[in-house]
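For reference, the structure discussed in these notes is given below.
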Ligand SMILES: C[S@@+](CC[C@H](N)C(=O)[O-])C[C@H]1O[C@@H](n2cnc3c(N)ncnc32)[C@H](O)[C@@H]1O
């Protein structure tokens, strides 16, 4: 686990402008998907929200600006990320602190939050028992009826994406060393025992299909290196989601 923390500490120091991903449009899409859920679940007037694995705080800041009455806490196990988040946010409405998703019960009382969010954080845990234990702890920190909204990675969407790539003779996109993706079927089975309602939403399928299949094939044909600054990323991000071709899914779960 220390290697994963070292990795994020180093990224916060080396790439402060793109500390948590180089794919800026993906991050916007994730934040938009989270916001759309937060707007639809019927929050109390002053919701208590915890963002776990907040990284440089970019998603937390989007929540803060859309929910001016929210009481926001944001934690990350990387102290470097928390320093970066504090320096970028400039908001005194967000309490940033170091904290580990594996030790939520030691840190927060039961029912402390109306909403808890994660963004590609649970996939950093080293084995699936830790991942499901983290989901249990998230549920315990939620008020009854509160929501866990997460964007996390799944192997089924990744396999569908790779099979499309394979049909165009593009190489497989591997799961990176610091990530452990969930299996969709197992996730649904196990999380239904933790939460009262669980749903998975394919919010980024078209985006992945266009950027990781169509654009990749085009780049290969033209003999150029793909780059995140290409306008196709903005176009892909503006299309509605269809299909199941992205590793990243939105989890909407009710305590
Ligand atoms: C992909 S980044 C996402 C950051 C941010 N949520 C965003 O939207 O840009 C994942 C973050 O999770 C943090 N993280 C990984 N494992 C963690 C753990 N066990 N407890 C708390 N944070 C963790 C990492 O330090 C990293 O900042």
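Where a number appears in this text, it was derived from the coordinates with a stated rule and is not lab data. Quick caveat: nothing in here was measured; it's all calculated off a predicted structure. Positions of Cβ are backbone-derived with ideal geometry, glycine not excepted, and every protein chain shown enters the neighbour counts.
Counting pairs of Cα atoms in the range 207-255, how many percent are more than 17 Å apart? Above the 17 Å cut-off, the range 207-255 has 42 percent of its Cα pairs.
Over all projection directions, the Cα-based convex hull of the range 66-114 averages an area of 4.0 nm². Sorted on the mean count of surrounding Cβ atoms within 10 Å across their residues, most packed first, peptides 99-108, 138-147, 51-60 read 51-60, 138-147, 99-108. Using a ≥ b ≥ c from the Cα gyration tensor of the range 169-210 (square roots of the eigenvalues), is it rounded, prolate or oblate, where a/c under 1.5 gives rounded and otherwise the larger of a/b and b/c decides, a/b for prolate? Oblate is the answer for the range 169-210, as a/c is 1.5 or above yet b/c matches or exceeds a/b. Treating the range 1-145 as a set of equal point scatterers at the Cα positions, no solvent, please give the Debye-formula log₁₀ I(q)/I(0) at q = 0.09, 0.14, 0.19 Å⁻¹. With one equal scatterer per Cα and no solvent, log10 I(q)/I(0) is -0.25, -0.64, -1.22. Sequence-distant contacts, meaning Cα pairs under 8 Å at least 6 residues apart, place the relative contact order of the chain at 20 percent. Packing order of peptides 187-200, 221-234, 240-253, highest average first: 240-253, 187-200, 221-234 (average count of other Cβ atoms within 10 Å over each peptide's residues).
For the chain, the longest principal axis of the C-alpha atoms and the axis of helix 155-167 are separated by about 10°. Where does helix 24-40 land angle-wise versus the long Cα axis of the chain, in degrees 0 to 90, nearest 10? Helix 24-40 sits roughly 40 degrees off the main axis of the chain.
The orientation-averaged shadow of the Cα convex hull for the range 3-56, equal to a quarter of the hull surface, comes to 4.8 nm².
Averaged over residues, the count of other Cβ atoms within 10 Å places the peptides 110-119, 33-42 in the sequence 110-119, 33-42, highest first. Just so you know, the Cα atoms of the range 99-213 work out to an Rg and Dmax of 15.8, 52 Å. Backbone N atoms of the range 148-170 closer than 17 Å to the 7 Å Cα→Cβ label point of residue 197 belong to residues 148-150. Taking one equal scatterer on every alpha-carbon of the chain, how large is log10 of I(q)/I(0) by Debye at q = 0.08, 0.15, 0.17 1/Å? Taken in order of the listed q values, log10 I(q)/I(0) reads -0.30, -1.11, -1.42. May I ask for the angle, rounded to the nearest 10°, between helix 128-141 and the longest principal axis of the chain, with both axes built from Cα atoms and the value confined to 0 to 90°? Value to nearest ten degrees: 40.
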